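Some notes on the structure that comes next.
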Amino acid sequence: MLNRVPEKIRQAEGAIKRKAIGLAGLLSQEPLKFQFYYGDENNPEIINTIYLKDSHDPLKLYLKVFNDSGKVVTFKDPKGSENPPTGSVGDETASATNCHFHLHFEKDLGLNPHEIEIDPDSDSGQWQVNYDDEPNFFAVYFLHKQELSLPPHEGITICFLNLTANTRTVKTSNVEVLYGGKDLVWKGEDQEDIEDEITSRITISVINHLSKTQIPLQFRVLGSNKILNDGTTKNTLRLKVINSPLSNNERKILSLDQSSKFIVSFEQGEHQDALVATTSQLNAVQINVKDPEDWAPEHTTNSTQWSFTPQASLKQLTAGQGIELTISDLVTSGVSGLACIYIDYQNIGSYPDGRLVIPIEKTPLLYSGGQVGIGINNPQAKLHVNGGNAVISGKVGIGTTTPKIHLAIGDNDTGLHLEDSQNLSLMVKGEQRVAMPHGKPVVISGGLAVGRDSTSIHRILCGRVTVLENRNVGWVDADEISSVILISTGIFKISFKVPFESFQEVPTAIVMLTSLDEGCTVHPEFTYREFFTVRTKDAKSQELKNASFNFFIILPTSSERPWIIRSEELRALHNRDMNGGNQNAMP
């Protein structure tokens, strides 16, 4: 650490009126010149540059002061000075009036004298070095402990430790070396005093370390960068910005302070680059940091920016460390395509400020983990559709890529087929097994199995009976029914076009009836070879009442039903229904 000029000397020197030095008063031929460099003197890494402070150990910065004239320059032995400076407390104390030369750094560099040291392992050990804070500059005074001669083109080297700039705004700065005017510097063989103070000035650059030309910040999207652009789905994104230096980067730490900041932003509007379209969508968005104990968030309503500042306890980001953010309740309804989330970084390490751009894909169709979601951002099946309608034109294949019918399952011609937008068919290997025409009964081809034992179906009769006012004949809608007669109120006779083959078939028939008139019930009576009878009744009183109804008759090829009507009972019932109660014999 540099020592400041003692208070007593500073007070004494303050009483001396110092000369103001302007550019016009500088000598054009300065005997002494100087430069800064890093690395080896014969092969310097870079000259007249000061690196910005970071979280790593600073490199050694060398100051070389050399004689650029044709005459020898001599620094007198301070102990032999005939005119010691006013207020001096010792010949070996370097100060404004007792030094062989001094450096002036501009204040904008932000040098910290409590950190700066002089390397004792070089010629620096022969120098007494002190500093002082002037109103407009930071001064470092150098006093050699004994006489030192610098022949032409020779010089001295002083090594600084921990001398770094602490500013992120200044790119260049001026540094001066001042000498002479104190009866301590001679020039030439005749030891002529340099009576006037001479100033040599250079401009130095303030930059990052050469290995740190690009900040090692990288972003990661934890999961997918795709969001559903359907105007309703609440999407979630997880982002992480990390310090990710290359393996050959020796300076892997990014320093932080209260001026460091990450700013997350995006655009709002109807254009494709916009992430949200409306103000309500914007205000619904939440951005939360994973480690709130390390980062302090800040956001203003209706603003598209969120800022995150490190807490006082967070001083640096080592390799792999960073900030993780979760963006939730993100609803989009604008133009599909790529939008962007921007993460600006400010005052991170000793790097210039910059921006990371994260592309976000707005899509109405989400593909995730080998699965496709429509209206859902976490599909649970190969195709997961949530809400709304799915419309498919053409043919659909399930288990086949070459469907020949509208919905093919397993192969290309088994499934459902729609003709003329009215007639739906169930196809098996290209053959129609079930026809479902609009407004007509279902037709089953090739038999139908019913029951646990797969009893096959020999015949199916189905249709509809509609009661017509003021007529004793109903209207029937069926393919295999010849006629329907209203025998009396609530009693109907439906005749077959093709009679059952024998009376043995009749007991096996299965009859299903449904009423088409509200408030009425329908009841099967008896089934004969040529016809069957039905009664319709009032639901409450159970009195006979005319009503329309559907019927469905299934005739299995075999049945174990024990119900058998004796022939004499069948004849009596037949004659009763046909003759209104007269007992005429069945023909």
How large is the convex hull of the Cα atoms of segment 396-444 per residue, expressed in Å³ as a whole number? 57
May I ask for the equivalent-ellipsoid semi-axes of segment 217-367, computed as the square root of five times each C-alpha gyration tensor eigenvalue and listed largest first in whole Å? 29, 16, 13
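Which order do peptides 533-544, 38-49, 139-150 fall in by mean Cβ count within 10 Å, highest first? Can you show the working numbers first?
Numbers: 533-544: 15.1, 38-49: 12.8, 139-150: 18.1.
By packing density, highest mean first, the sequence is 139-150, 533-544, 38-49.
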Calculated FRET efficiency, E324 and V385, Cβ-Cβ r, R0 35 Å, to nearest 0.05? 0.60
Residues whose built amide H sits under 5 Å from the amide H of V331, excluding neighbours closer than 5 in sequence, are N235
Under the 7 Å Cα-to-Cβ spin-label approximation, V428 and S69 lie apart by a distance in nanometres of 11.7
Want the number for D193 to S541: 0.36 nm per residue separation, take away the alpha-carbon distance, what's left? 111.2 nm
Phi angles of segment 263-271, converted by Karplus (6.51 cos²θ - 1.76 cosθ + 1.60, θ = phi - 60°) into ³J(HN,Hα) in whole Hz with x for Gly and Pro, give 10, 9, 8, 7, 9, 10, x, 9, 6
Footprinting proxy, L256, L383: sorted fewest to most Cβ within 10 Å, the residues are L383, L256
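Treat the count of other C-beta atoms within 10 Å as a stand-in for reagent exposure and order M427, M436, M512 from fewest to most.
Values: M427 20, M436 16, M512 11.
By the 10 Å Cβ count, ascending: M512, M436, M427.
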So what are segment 120-272's ellipsoid semi-axes, whole angstrom, largest first, if each one is the square root of 5 times an eigenvalue of the alpha-carbon gyration tensor? 57, 18, 13
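Rule-based calculations on the coordinates, nothing more; no lab input. What you are looking at is a predicted structure, and each value in this text was computed from that prediction instead of being measured. Positions of Cβ are backbone-derived with ideal geometry, glycine not excepted, and every protein chain shown enters the neighbour counts.
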